[in-house]
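> Quick one: this structure, given as structure tokens, is what I'll be asking you about.
The values are calculated or read from the model by the stated rules, or taken from the named source; none is laboratory data. From a predicted model like this one, the values you see are computed outputs, not experimental measurements. Here the Cβ is made from the backbone with ideal geometry for all residues, glycine too, and neighbour counts use every protein chain on show. These area figures cover heavy atoms from the full protein model, side chains too; ligands, DNA and RNA do not enter into them. Shrake-Rupley method; radii C 1.70, N 1.55, O 1.52, S 1.80 Å.
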Amino acid sequence: MDPPLSPTAFSDGLKKETWRHSLILSFQTLGVVYGRLSTAPLYVFGTIQTTDFKSNETAYEYFSFIFWTLTVVSLLKYAFIVLRADDNGEGGVFALYSLLCRHAKVGLLPNDRSTKEVMQHEEVSTLRGKVESRARKAIRNHRSSHYLMLFTALFGACMIIGDAVITPSISVLSASSGLQRSLSNIKYTSSTDAEQTISDDLKKYVPVPSACVITVGLFILQYYGTHKIGFMFAPIVTIWLLFISGVGIYNVFRWDPKIFSAISPAYMYRFVRKINKASWKSLNSILLCIAGSETMFTDLGHFSKRSIKITFVCLIYPVLVLCYAGQAAFISKHWNGTENFNHLSESVPKHLRHVFILVSLLASAVGSQATITASFSIINQCLALGCFPRVKVIHTSDKRLGQVYIPDVNWLLMALSLSVTIGFHDITRIANAAGMAIVFGMMVTTCMMSLVIALYWEKSLFVSGCFLMFFGFVEAVYVSACMLSFHKGAWYLFVISAVSFTIMLAWHYGTMKKYEFDFENKVSTEWLTDYSPGLGVSRVPGIGLIYTDMVTGIPAFFSHFITNLPAFHQVLIFVSFKPQPVPCVPPRERYLVGRVGTEDYRIYRCIVRYGYCDQIRDTDDFEEQIISSIGEFISLEESDCESLTSPEGRMMIVGKPLVDRNALIPMHDTTSFAGSTNIANNETLASPLEDLIERKTPVRRKKVRFLMPEGSPRMRVSVREELQELIDARESGTAYFLGQSHLTVRNDSNFLKKFLIMAYVFLDKNCREPPVALNIPHAALVEVGMVYII
């Protein structure tokens, strides 16, 4: 296997994407992104009540709505506009939110405001050399707008999660219902009445069990990742698309070649002119024709803009138009004759129906993949931005950083989807909930996108307002239709969304309050460096790694520890993980290292910056990376001219390509080191980060050596002594200090605050992942408990 691409190499790869690579990705998108859109014909016409078809003109009117909805929303809005608003290759509502966080400064990330200069996203100029607009100033200065954008992004994420629960149920159940109708056509030539009754009962209950089996199989396959699933499912979707396009062409020429005249908007006007409550409800079913359009944007991190756009424009869109046209042509001639005339299976020629049932069952399982993948992507983004409880994220590809699998979320979605299938077992009621999820998710994207147009693309407010009003009006029409069916299944979506929103909001609120408590109760560095020796604090051999959210000062839990146990290690390193609202932070910009106090104290601070697609916290060699960064900082401290300034002094970005070949660079050594104090001169110099990335074999813990190229001048004695002290401390052992917070609420707090904090405490105690996923050995872990009064 090739070594994984760094974020920089990944970005460069996107820029240099070849047509061959685009075609391969386009083929994979069929199995992941477009399964839902492709299988929508299974239930669009099928979920409309047969009594709503009053004449052959009704079929024309419905097809006109389908054509223009598919064209305006899927083609114009998503394929040509929204896909352009990616966040370095990532898509979804949180990608739009991260763009606004950086370019409109509306973020609520738990970052220390006093040290913004050491945060990567604050270093980037957001104004592009232009005068700041009044809209940006107004939004930045009103904190209520910051919360509104966060709540909007969370609501959009909840809609995607709810859609991932409902989609597998409706897709598979629709195909299983076709199997039931196929079995009902089987004739029994010789059977008793009892046998006939048993057979009829079996046919009646076929859809739900078969749908459950297929659903379980689908979620089990998620373990193999997007890349393998894409190649596995793409042939199925390809066969399905060829089949329905062929059937559509056959039905158009066989039943009504004039059906394409319904493209005229005049048919939509006729529908609206004679509208009533029953026919308006049917728009909820028409809405399902664009089910899966949102995943074109949400799944962007798994593929590329070019591949997604090519596949939709050249294949998906024309095939779907042909399929819906053929089905409408069939309905226009059978609306008052054939039973179940509005189901896709009825429009298939009789001699091909058994083939259709088999292909549709396979395609329906694939159709759910898009929303499942989208839910993984959006939850991964929420995790890095502090809006979702800790869960294990598995990166399934070493080529595409956005391809992730989240086991806990996968099994939870499966359980909820099975509950929908078994509990409702009615396609119409499930379709009502699915339509609600689709249209609300699209409305969130429309609102966020209009802000991106004005604040990030820096277009005029007129252009932004036109986008919002035009697409918002189209989606508002469908929202009104969905609300009429709220009591017939759509309520379930709001139950799921309310629970998801509460979890996300409670976690974000608890994280913010915990950070604010730490920030307000931290002590100055002088307390540790100047006053602690006078208190009888002793230094012990070894390295102490203190994990804290603070980027300045001493965390409250560590001062609490020193007060009760007056001793700390020979070398102290304060480590902070800081999420950035970007997909990836390049390795050369990831580590910021500085000193706390003077050189004599041997106290350092290391800030680790990571994006919402990075997996820096879940590596076995993270300790080696930290020690390597500290060693590089010591070696290059005086020669570095690009240091950043923080309230505690200079901070250096380490991990850059080496220019000064005379610098001493810490390197890994998998062999025994036996406490040697010599500095080798016969090794080839290489970048420590390249060594970390390329090395595949496990290394022994607590082994690090430093190498210096041949012919380098003699280094200063103080630098040599400090490096040797770092080596000796490493050999003596490493201890990890983690703060164990116990949040409690003041008695005079309101009910909402108490509820959110209680929810956060419950989620924090029941998270499957530890706060710092670094495989810390239990013997080296020191947890310091402290009560946080919020």
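> Is the range 285-336 rounded, prolate or oblate when judged by the Cα gyration tensor, a ≥ b ≥ c being the square roots of its eigenvalues, rounded requiring a/c under 1.5 and prolate requiring a/b larger than b/c?
Since a/c reaches 1.5 but b/c is at least a/b, the shape of the range 285-336 is classed as oblate.
> Something else: Over 27 Å between C-alpha atoms is what I'm after, so list which of K77/K459; K305/K488; K488/K753; K309/K333; K105/K765; K513/K578 land there. Could you put the intermediate results ahead of the total?
Values: K77/K459 17 Å; K305/K488 37 Å; K488/K753 34 Å; K309/K333 35 Å; K105/K765 32 Å; K513/K578 16 Å.
Flagged as over cut-off: K305/K488; K488/K753; K309/K333; K105/K765.
> Related question: If amide H atoms are built 1.01 Å from N in the plane of the peptide, which residues on other chains or at least 5 residues away come under 5 Å of the amide H of T734?
I543
> Expressed as a rounded percentage, what relative contact order does the range 230-364 have, with Cα pairs under 8 Å and six or more residues apart?
Across the range 230-364, relative contact order equals 48 percent.
> With all protein chains present and a 1.4 Å probe, how do D530, D426, D163 order by accessible area, largest first?
Details: D530 85, D426 55, D163 20 Å².
Putting D530, D426, D163 in descending order of accessible area: D530, D426, D163.
> Determine the distance separating the Cα centre of the range 502-526 from the Cα centre of the range 223-279; give it in Å without decimals.
51
> Can I ask one more? For a protection proxy built on the mean count of beta-carbon atoms within 10 angstrom, sort 383-391, 347-355, 748-756 highest first, please.
Result, highest mean first: 383-391, 347-355, 748-756.
> What does the charge add up to near S74, with Lys and Arg as +1, Asp and Glu as -1, over the other residues with Cβ less than 12 Å from its Cβ?
Net of charged neighbours comes to +2.
> To the nearest Å, what is the center-to-center distance of the range 32-67 and the range 540-562, using C-alpha atoms only?
62
> While we're on this one: Out of residues 5 or more away from M651 or on other chains, whose amide H comes under 5 Å of its own, with H placed 1.01 Å from N in the peptide plane?
Hits under the 5 Å cutoff: L644, T645, S646.
> For the range 228-383, with every protein chain kept in place, what is the accessible area per residue (1.4 Å probe, Å²)?
With all protein chains present, the range 228-383 gives 36 Å² per residue.
> Using a 1.4 Å probe over the heavy atoms of the protein chains, calculate the carbon and sulfur portion of the accessible area of the range 415-539 as a whole percent.
70
> For the range 362-488, take every pair of Cα atoms, bin their distances at 5 Å starting from 0, and report each bin as a whole percent.
In whole percents, the pair-distance histogram is 2, 9, 13, 15, 16, 17, 15, 9, 4, 1, 0.
> Would you work out the relative contact order for the range 481-584, in percent, from Cα pairs under 8 angstrom that are 6 or more residues apart?
Worked out over the range 481-584, it gives 27 percent.
> Given a 1.4 Å probe, how much area per residue of the range 475-520 is accessible, in Å²?
On a per-residue basis, the range 475-520 sits at 41 Å².
> Let me ask something else about it. I need the phi-derived Karplus couplings for the range 418-424: 6.51 cos²θ - 1.76 cosθ + 1.60, θ = phi - 60°, integer Hz, Gly and Pro marked x.
5, 5, 5, 4, 6, x, 8
> What are the ³J(HN,Hα) values, in whole Hz, obtained from phi via the Karplus relation 6.51 cos²θ - 1.76 cosθ + 1.60 with θ = phi - 60°, for each residue of the range 320-335 in sequence order, with x given for Gly and Pro?
3J(HN,Hα) across the range 320-335, in whole Hz: 5, 4, 5, 5, 5, 5, x, 5, 5, 5, 5, 5, 4, 9, 10, 5.
> Show me 557-567, 731-741, 439-449 ranked by packing, highest mean number of other Cβ atoms within 10 Å first.
Details: 557-567: 16.2, 731-741: 18.4, 439-449: 24.5.
For the peptides 557-567, 731-741, 439-449, the packing ranking is 439-449, 731-741, 557-567.
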